[in-house]
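Single-structure report; data block below.
No value in this document is a laboratory result; all are computed from the given coordinates. Quantities reported herein were computed from a predicted structural model and do not represent experimental measurements. For neighbour counting, all protein chains shown are included, and Cβ atoms are generated from backbone atoms with ideal geometry for every residue, glycine included.
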Amino acid sequence: MASETRSDEPSGARADGPSEVRPDDRLAAQLDPATTVLLTVECQRGVVGPRSALPELADTARKSGALAQVARLVSGAHAAGVQVLHAVAERRPDGRGANHNARLFRAAERLPVQQLTGTEAVRIAEPIPVGEEDLVVRRLHGLSPIAGTDVDALLRNFGCRTLIVTGVSANVAVPAAVFDAVNLGYTAVVPADAIAGVPADYTAAMIRNTLALVATVTTADSVLDCFRRASGRR
């Protein structure tokens, strides 16, 4: 289940009272490497790379530091033994199986860069490292990296209880992933500095007014600190 308390202050800040459980201790309890999976959402070259189909989103992801934070989190997950999944959105050249039932899908069909299966556009973007044990989950339809894909089955096979959601965009795919994770019974953790959307200030509003209601909102540094602490106990 998701965190039951909403907090506009990212988890990882020190609590006031000495008898209280500190937020970073609560986060550490959620982020047991054995039961945690890190998900990157649409961090592919055709979305956040230099030749993006969505240049405003790509520019925001890079200038905000979100893409760099995703890369740090993936590296930290590798070091801590946390499973990493990369969720990629793509389409066949003939468009077979793709959605046409929303304005977003119809607009995507007209973009100059297409997320076609097997092309550079659907490879994971630099500087995010892809480890040998990482899994790349590709979808041909829908808005969510979880619904209708292999992600839920994979998470259950990994014994996942907590899903860290990173990537783009805060407009659609990231909140869809968080909602799906919570509905499926996982605890969702969102490092606020490792997601991005457009316009740039929309991300903070989405986190404060929506994601904080259903997920544990934190920072990349706090997640990495939990990973290091867990590694030190092994």
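Where Lys and Arg each count +1 and Asp and Glu each count -1, what net charge lies around residue 220 among other residues with Cβ under 12 Å from its Cβ? Every neighbour counted, the sum reads -2.
Given the Cα-Cα distance of residue 59 and residue 94 and 0.36 nm per residue of separation, how much length would full extension add, in nm?
9.7 nm
Each residue of region 150-159 is assigned a 3J(HN,Hα), and the resulting list reads 7, 4, 4, 4, 5, 4, 5, 5, 7, x Hz, derived from the Karplus form 6.51 cos²θ - 1.76 cosθ + 1.60 (θ = phi - 60°), x at Gly and Pro. Look at where the Cα atoms of region 127-157 and of region 173-234 average out, and the two centres are 17 Å apart. Once the C-beta distance of residue 138 and residue 107 is scaled by a Förster radius of 25 Å, the resulting FRET efficiency is 0.75 to the nearest 0.05.
Taking a Cβ cut-off of under 11 Å around residue 91, the surrounding Lys, Arg, Asp and Glu residues balance to a net charge of +1, with basic ones at +1 and acidic ones at -1. If R0 equals 35 Å, the separation of the Cβ atoms of residue 228 and residue 117 corresponds to a calculated FRET efficiency of about 0.40.
Summary of packing: across the peptides 161-174, 96-109, 123-136, the per-residue average of other C-beta atoms within 10 Å ranks them, highest first, as 161-174, 123-136, 96-109.
Here the chain is assigned +1 on the Cβ of each Lys and Arg and -1 on the Cβ of each Asp and Glu. Its dipole about the Cα centre then comes out at about 440 debye.
What shape does region 161-234 have by the C-alpha gyration tensor, where a ≥ b ≥ c are the square roots of the eigenvalues, rounded means a/c under 1.5, and otherwise prolate means a/b greater than b/c and oblate the rest? Judged from the Cα gyration tensor, region 161-234 comes out oblate (a/c at least 1.5, b/c at or above a/b). Per-residue ellipticity at 222 nm computed for the chain from its helices equals -9500 deg cm²/dmol, with DSSP H segments shorter than 4 residues left out and the rest contributing -39,500 (n - 2.57). Charge tally around residue 168: other residues with Cβ under 14 Å, Lys/Arg +1 each, Asp/Glu -1 each, net -1. Spin-label model, residue 201 to residue 157: label points 7 Å out along the Cα-to-beta-carbon direction sit 4.6 nm apart.
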